[in-house]
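A short worksheet on the structure shown next.
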Amino acid sequence: MNSKERPTLGGTRIKTRKRNIAAPLDPAAFADAVVQIYLDNAGDLELIAKSIESSDLNFSRYGDTFFEVVFTGGRTQPGTTKPDEGDRHPYSIIECEPKRDVILPSVVYIQKILRRRPFLIKNLENVMRRFLQSLELFEENESKKFAIFTALAFSQKLSGLPPETVFQPLLKDNLVAKGLVLSFITDFFKEYLIDNSLDDLIAILKRGKMEDKLLEFFPSAKRTPEAFSEHFTKEGLLPLVEYNDKKIFEVKLKEMKSALTSQIAEEADISEVIETVKQHVKEAKFPDTEVVRILWDVLMDAVQWSGKNQQQNANAALRQVKAWAELLNMFCTTGKLELELMYKVQVQCYEDTKLMKLFPEIVRSLYDQDVLTEDTILHWFRKGTNPKGRQTFVKSLEPFVKWLEEAEEEE
């Protein structure tokens, strides 16, 4: 044999790999078979679940079709909720009464199916997403049934159903503009809060990335805090209104704090800072006590503190008080607000170890700059109600209070 020739094996066959030939899709036959199970069992979901469990239907291939039959009674046309050709049954979620006790068995039934076939959760998501994006094709009553089902699904913790599946598809501009989304989400909130707390609802909204976007459920012309409060108060959802008011308050508070922090860091003119505070207070209707707290926080946050040098910290704090006394004076206009400022200083000195020994010096500086009056300091000393570090601070303030009392007697 020539050394350049390659050896061969005589009489062997080279086998070619067979291609996997996929059977053609036949969702119509699958849908008809599921419909027949419903009809054979006269809508009894317990019996239907058992029949489905023992069947050899290809759920992995026709999962979407299965949930179309569950929700609407038969197949729907691709991409819509409109009925397609084929058999139908009258026991679907869309055909039942819009009552929780009537719809709940369907949720329990689907939960059983998902426990046996957990892969179907993706198909449930697909169908729910499609239906939610097609709310305009539902009758008002049908939309309400779907909202009740969705609320019960979350309430019953339906296997792995993610909140974003529900909330994100709702934000289609045309659906929001027609008020369909607001109607659906209102029914959803009302139903869910029957069995669950507001905290539970907020947790779902957070997971669905909608906690800070509740106004987006409203048509653009009604996308205001006032419209939100009016609508949900009328619908009996006052806790949700209070929660939203609190969120708005926190956001505006943060905005004001950010604006003041920037101005103080840039050493802006006091008159400009005062105007900024007034503008935010007017827009957000902040309580006077909250304004005093914010001002003190912002001023102390702006101080360049020394790590260990107590005297440097004392000097820095007192310089800050002196520099911005006019700002504090502008908003500490009553004895009540002065006392609020004292409590704020007390709590900060108690919670921040580097300020613990500075309490009497800060109070004395605020007095010298006419921010705190003698009456306020004496009231705090004799009748103060905040317990944080009070015993220590009262003792440290005794020499200054004694001086005030002696000055008062001389007068």
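Averaging Cα coordinates gives a centre for the range 151-227 and one for the range 106-131; these two points are 20 Å apart. Dipole magnitude for the range 341-411: about 680 debye, using +1 per Lys or Arg Cβ and -1 per Asp or Glu Cβ, origin at the Cα centre.
Using a Debye calculation, one point per C-alpha and no hydration shell, please list log10 I(q)/I(0) for the range 223-299 at q = 0.14, 0.22 Å⁻¹ in order. Scattering profile of the range 223-299, log10 relative to I(0): -0.53, -0.95.
With q set to 0.15, 0.19, 0.27, 0.30 Å⁻¹, the log10 of I(q)/I(0) for the range 253-296, from the Debye formula over equal scatterers at the Cα positions, is -0.31, -0.51, -1.02, -1.21. Taken about its Cα centre, the chain carries a charge dipole of about 3000 debye when Lys and Arg each add +1 at the Cβ and Asp and Glu each add -1 at the Cβ. Per residue, the chain exposes an accessible area of 56 Å² to a 1.4 Å probe, with every protein chain left in place. In plain terms, the chain from ASP195 to ASN329 could stretch by 43.2 nm, reckoned as 0.36 nm per residue minus the Cα-Cα distance. The distance separating the Cα centre of the range 253-302 from that of the range 339-376 comes to 19 Å. Can you give me the pair-distance distribution of the range 340-394, C-alpha pairs, 5 Å bins, whole percents? Computed distribution, short to long bins: 4, 20, 35, 26, 13, 2. Residues considered: PHE381, PHE184, PHE146. Largest GNM mean-square fluctuation over the chain, using C-alpha springs under 10 Å, is found at PHE381. Here the range 331-402 has 49 percent of its accessible surface on carbon and sulfur atoms, given a 1.4 Å probe and all protein chains in place.
Taking a ≥ b ≥ c as the square roots of the eigenvalues of the Cα gyration tensor, an a/c ratio of 1.5 or more together with a/b no larger than b/c marks the range 35-79 as oblate.
The share of accessible area on the range 24-75 that comes from carbon and sulfur is 50 percent, using a 1.4 angstrom probe. Modelled spin labels at LYS247 and PHE400, positioned 7 Å past Cα toward Cβ, are 4.3 nm from each other. Relative contact order of the chain, taken over Cα pairs closer than 8 Å and 6 or more residues apart, is 8 percent. Using a Gaussian network model of the chain in which every pair of alpha carbons under 10 angstrom is joined by a spring, one finds that among GLU142, GLU235, GLU374 the greatest mean-square fluctuation is at GLU374.
In this rough spin-label picture, where each label sits 7 Å from Cα along the Cβ direction, the ILE202-ASN174 distance is 3.7 nm. Note on ARG116 and ASP297: the extension gain reaches 59.5 nm, defined as 0.36 nm multiplied by sequence separation minus the Cα-Cα distance. Quick one: go through the range 360-404 and flag any residue whose amide nitrogen is under 19 Å from the point 7 Å out along the Cα-to-Cβ line of LYS354. Those under the cut-off are 360-363.
Here the chain was treated as a single set of alpha-carbon atoms; its pair distances binned every 20 Å from 0 give 20, 31, 23, 19, 6, 1, 0 percent.
The values are calculated or read from the model by the stated rules, or taken from the named source; none is laboratory data. This one's a predicted model, so the numbers in the text were calculated from it and none came from an experiment. All Cβ positions, glycine included, derive from the backbone under ideal geometry; neighbour counts span all protein chains shown. Just the protein is used for accessible areas: all its heavy atoms, side chains included, with ligands, DNA and RNA removed. Shrake-Rupley method; radii C 1.70, N 1.55, O 1.52, S 1.80 Å.
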